[in-house]
Amino acid sequence: MLKCRTRSRTAPGLVSASSRPRAKPNRKNEVQAVKKRSKSGSKQLQEFITPTFTWDIPKVDKQAIYNDLGVKEMDTGGAVDGKQLLLGKRANNKRIKKPATVPSRADKVKGHLVSPNQFKSQQAHIHNGRYCSCKKQLDLEDLSDPFCRLSDEIMLGIFWWLPMTTLARCARVCRRWYHLVFDDSLWRRIDISNKTFASGILGQILQRGTVAAKISRCSIHGPVFDAVLTESPAKITRSASKASKLSKCHVESALRQSLHLKYIDLTATDARPEQLVEILDRCPGNQIKKLSLESCRVSDEVMKSIAKHGRSLKELNLCMCSGLKEAGLRAVLRNCTKLQSLNLGWANLSRKEIDVFMEYVPKSLEKLNLSGYRQTLRTVDVVLLTCRCPDMKELDLSDAAVIDFAAIESITESMTQLQHIALSRCYSLPRLSFVQLGMLKHLRALDVFGLVQESGMLESMQELLPGVKINSYPFSAIARPTTTNKHNIIWEIMCYE
């Protein structure tokens, strides 16, 4: 049999599939095909995906659960967009790391970060000169400490009740306590009497904003102010290399840092005149109001330093001072025109110094102590004094063995405002001359120790001078800082130890 060949019934111009040449496999074509499928899938999601679930829980708890799952709640009131769902899902799948936030000033407490985690992210810990991850970081504060929760004002209120020695120990606790302990409000009125100070220590204390200071019966060794110890806390923390590069002008300005002292009690202080000049020169001019240098060694330089405060000085105690000379006394009396109370008792003034005093004595004096001048103070001096100071209220002329009845007559005629007079051991005065003092209308106290020893004589004087206390004040209180049993009070100002 013969086999016939048959033609394929295909349209002219077309080629059958079997006759086509096969295309070579290409990676690019496959990627394009996958993209087409994903686009078709997204169109199908836009048509069929709808959020239909709801949770019957509080909104706050729901938001917390959403945040944990990485899901964002969408508004279902309108049409649902499948593209937003896909974009939200892709954004949640990609864990985007947020940059570490820099803590604000409110998150810091005196230079320390509140959170240890924040501190670790911002500052690497250095141990033995290398960066390490050990947990012992000295700069971090313990958040379990209840004092960290208190404000600075409350902490200052607590520190105000502590003595000065305890405050010095509190400054070693941490940096925050160090800055709070040296606040000016805690050191304005201090009592550091009966202490011994090394070089620069006393100056360091007085530079903390002290206004009233009781430094009586102290011993000062070396200079009062030191260039290193008297610098501010910010300067103290500088490195030694930077401190060594300070110029001479910076050192002098640090040494001359001004004080705020207005009331100074240096009674019986073992200090040289140079040390007293250091303290007085640090106070700006016309600032000191009351000063006591009783039983101290003074010089003309000390008196000139006192004279710089002539417009503000009201009370000056130079009782039993040594080294008081003519030039220094003249400088003080010329400049201190507003002096109200002056004590020069037992200061060993010579006849020249008494003449200088009578020549330049300020008319503003209301209280004066000139006791202890047995042969130096004369009746003529008392008469001249009554003419220059007619507003005298308290006068002490004890141990003036030369004055006579003429001095009493001058006092009763000129000093009409006199309230207290002391004439103890004035042996040249006749006893009947004290009756002359009854003419003073404002007289309230009379001291005549050593002149009236019989009890009968004292009773008769009390009858002749009614309303006058006789021999009630054995010690003079003129210009003295402490006159009561409370030894921490100077000029009625409470000072704290």
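On the protein heavy atoms, probe 1.4 angstrom, tell me the percent of accessible surface of region 369-478 carried by carbon and sulfur. Don't jump to the answer; show the numbers that get you there.
On the way: 2810 of 5270 Å².
The computed percentage sits at 53.
Rounded to whole Å and ordered largest first, report the semi-axes of the equivalent ellipsoid of region 322-398 derived from its Cα gyration tensor (root of 5λ).
On the way: eigenvalues 56, 47, 26 Å².
Whole-Å semi-axes of the equivalent ellipsoid: 17, 15, 11.
Starting from 0.36 nm per residue, how many nanometres of slack lie between Lys441 and Asp183 once their C-alpha separation is accounted for?
Between Lys441 and Asp183, full extension yields an extra 87.8 nm.
Given Cβ point charges of +1 (Lys, Arg) and -1 (Asp, Glu) and nothing else, what value in debye, to the nearest 20, does the dipole of region 352-476 about its Cα centre take?
Using only the charged Cβ atoms, the result is roughly 140 debye.
Could you work out the percent of alpha carbon pairs in region 346-480 separated by over 19 Å, rounded to a whole number?
Values: 4180 of 9045 pairs.
Within region 346-480, distances greater than 19 Å cover 46 percent of Cα pairs.
Determine the alpha carbon to alpha carbon distance for each of Lys214/Lys469; Lys290/Lys486; Lys338/Lys486; Lys363/Lys469 and list only those over 21 Å.
Numbers: Lys214/Lys469 32 Å; Lys290/Lys486 19 Å; Lys338/Lys486 29 Å; Lys363/Lys469 28 Å.
Check vs 21 Å cut-off fails for Lys214/Lys469; Lys338/Lys486; Lys363/Lys469.
If you average the sequence gap of Cα pairs under 8 Å that are 6 or more apart and divide by the length of region 362-445, what percent do you get for the contact order? Numbers along the way, then the final one.
Values: 161 pairs, mean separation 25.5, N = 84.
It rounds to 30 percent for region 362-445.
Which residue, chosen from Gly438, Val332, Leu349, occupies the Cα position most advanced towards the positive end of the dipole of region 297-446, where the dipole is computed from +1 (Lys, Arg) and -1 (Asp, Glu) charges on Cβ about the Cα centre?
Val332
Please go through region 387-470 and write out the chymotrypsin sites (Phe, Trp or Tyr not before Pro) that DSSP classes as loop and that have at most 13 other C-beta atoms within 10 Å. Mind showing how you got there, number by number?
Values: sites: Phe405, Tyr427, Phe434, Phe449; in loops: Tyr427, Phe449.
Taking region 387-470 and a limit of 13 other Cβ atoms within 10 Å, the loop chymotrypsin sites (Phe, Trp or Tyr not before Pro) found are Tyr427.
Glu409 to Glu463: extension gain in nm, 0.36 nm per residue of separation minus the Cα-Cα distance? Walk me through the numbers on the way to the answer.
Details: separation 54, 0.36 × 54 = 19.44 nm, distance 2.09 nm.
Value of the extension gain: 17.4 nm.
Tell me the per residue accessible area of region 364-445 using a 1.4 Å probe; a whole number in Å² is fine. Show your work: numbers first, answer last.
Numbers: 3490 Å² over 82 residues.
Each residue of region 364-445 exposes 43 Å² on average to a 1.4 Å probe.
Explain nothing, just the number: dipole magnitude of region 393-433 about its Cα centre with +1 on each Lys and Arg Cβ and -1 on each Asp and Glu Cβ, in debye rounded to the nearest 20. Please report the intermediate quantities before stating the final value.
Numbers: 3 positive and 6 negative charges, 25 e Å.
Its charge dipole is roughly 120 debye.
Expressed as a whole number of Å, what is the distance separating the alpha-carbon centroids of region 324-392 and region 170-201?
The distance from the Cα centre of region 170-201 to that of region 324-392 comes to 40 Å.
The values are calculated or read from the model by the stated rules, or taken from the named source; none is laboratory data. Owing to the predicted nature of the structure, the values given are computational and were not obtained by experimental measurement. We place every Cβ from the backbone using ideal geometry, glycine too, and count neighbours over all the protein chains shown. In case anyone asks, the SASA skips ligands and DNA or RNA and just uses the protein heavy atoms, side chains included. Shrake-Rupley method; radii C 1.70, N 1.55, O 1.52, S 1.80 Å.
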